[in-house]
Amino acid sequence: MPQGTNVLQYESDNLVQRQLRELDFVDIYVCLNGNSMPHYRAGLQSSAAQIDADVPPEFHQDVEELASILAHDFVGNEKAVNFGGMRLRASKLETANGEIWAAMRRIPALPPKLDKLGFMPQLVPILHDIGQRGGLILLCGATGQGKTTTASSLLLDYLESYGGVAFTIEDPVDYSLEGRRGTHGYCYQSEINAEAQWGQMLNRSLRWHPRYIVVGEVRTPDAANQLLRAATSGHTVMATMHAGSMEEALEGLLQLAEQELGERASLLLAASLVAVIHQMLTPTGIYAPFMATEADNPGSPIRALIRDKRIGQSRTFAEQQMALLMKSGKIFHSR
């Protein structure tokens, strides 16, 4: 190899180059400060779906250009980037041997339609209908289980169906929802890059008088405080949290909010909660335990359990709702 020529460029010189968007990948991993070879996780259209493999040499020139862009323009640890007709969500990490890597997930321009996400069919109309209610819709689950995609699909469905203004707070922005959505919906997207900005941006969002607010992740006491205030003042607020179950998500949100609100936190969470969904991706679709409060019913069992700080006992009620949903397609008996 000639001196001063890196591995990617050397291997690319005598190949018919192809653009990276032609490679069927879900995730791609690129070293930004060394000669380690890029590799990728194949997409569903590949015969080797979900298998990790080295990026073929004919794509190396495009990979090198992408790595150069990221090496010079990557502030913080998370970033969304547009490259070669693709949108990628990048996460940066310095490994133990001093290499800096970027892991990038390929993101479609728009999220899937609500009925294409993979939820069981009985749940889809309920998810659609709760968009007409004011309050908190909490989406929880482990990393990489599609919480952001679900939140974006719900928002797109609500804007196209019910109209109104939406304001999103994300780190980073994944799907491009900015602008007119449907006939009477409009979306504004904001991107934050510091923990302290979550609560500040939530407070600022209220000045835009949105019908919908989407919070990419609830991480701080101030954000939890502002989230509950917005959810009890007529807005439909969708938020994601990392949690192993619905109960853990509710308890985690309550613990954060109590640091700012004290004992009022449980009252606000009980009053504002519309639904909580814990989702896990499976080969056959989304497995999503779900529980919802009854509209205009302060005595809803879930609300009572939250007020009394007995969230751990809500599992039985959630199981009853899911059984009713499977049986009749509804989660509440007619009143």
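Using DSSP, restrict attention to beta bridges with both residues in the stretch 114-328 and report what percent are antiparallel, rounded to the nearest 5.
25
Under the 0.36 nm per residue contour assumption, what length would be gained going from the current alpha-carbon distance of Gln259 and Met280 to full extension?
4.6 nm
Could you pull the Cα extents of the stretch 189-335 along its three principal axes, largest to smallest, in whole Å?
Rounded to whole Å, the extents work out to 44, 38, 27 Å.
Expressed as a rounded percentage, what relative contact order does the chain have, with Cα pairs under 8 Å and six or more residues apart?
14
For Met86, Met280, which order do you get if you count the other beta carbons within 10 Å of each Cβ and list the fewest first?
Met280, Met86
So what's the back-of-envelope 222 nm ellipticity for the chain, counting only DSSP H runs of four-plus at -39500 (n - 2.57) apiece and dividing by all residues, rounded to 500?
Result for the chain: -9500 deg cm²/dmol, rounded to the nearest 500.
At a Cα cut-off below 28 Å, give the lysines reachable from Lys116, other chains included and same-chain residues fewer than 8 away excluded.
Cα-Cα hits under 28 Å: Lys79, Lys147, Lys327, Lys330.
Helix 147-162 sits at what angle to the longest principal axis of the chain, using alpha carbons and giving 0 to 90 degrees rounded to 10?
60
Hey, in the GNM for the chain with a 10 angstrom Cα cutoff, which one of Arg207, Arg229, Arg181 fluctuates hardest?
Top of the fluctuation ranking is Arg207.
Angle check, please: helix 221-231 long axis (alpha carbons) against the longest principal axis of the chain (alpha carbons), in degrees 0 to 90, nearest 10.
Tilt of helix 221-231: around 60 degrees.
How large is the dipole of the chain about the Cα centre if only Lys and Arg carry +1 and Asp and Glu carry -1, each at its Cβ, rounded to the nearest 20 debye?
1520
Would you mind computing Rg(Cα) / (2.2 N^0.38 Å) for the chain, counting N as its residues?
1.10
Answer rounded, prolate or oblate for the stretch 242-301, using the Cα gyration tensor with square roots of eigenvalues a ≥ b ≥ c: rounded when a/c is under 1.5, else prolate when a/b is larger than b/c, else oblate.
Oblate.
What is the Cα centroid distance between the stretch 241-289 and the stretch 298-330, reported in whole angstrom?
After rounding, the separation between the Cα centres reads 13 Å.
Averaging sequence separations of C-alpha pairs under 8 Å and six or more residues apart, then dividing by the length of the stretch 204-324, give the relative contact order as a whole percent.
Contact order relative to length: 21 percent.
Net charge near Leu117: determine it from the other residues with C-beta under 13 Å of the C-beta of Leu117, scoring Lys and Arg +1 and Asp and Glu -1.
Charge balance in the 13 Å sphere: +1.
Given H placed 1.01 Å from N in the peptide plane, which residues other than close sequence neighbours of Val237 have an amide H under 5 Å from its amide H?
Residues meeting the criterion, in which the H sits 1.01 Å from N, are Gly135, Leu136, Ile137, Ile213.
Quick check: Cα centre of the stretch 110-179 to Cα centre of the stretch 183-229, how many Å?
Each part reduced to its Cα centre gives a spacing of 15 Å.
Read-outs: derived from the displayed coordinates by stated rules, not from any lab. Small disclaimer: the values here were computed from a predicted structure and weren't measured. All Cβ positions, even for glycine, are placed from backbone atoms using ideal geometry, and neighbour counts span all protein chains on display.
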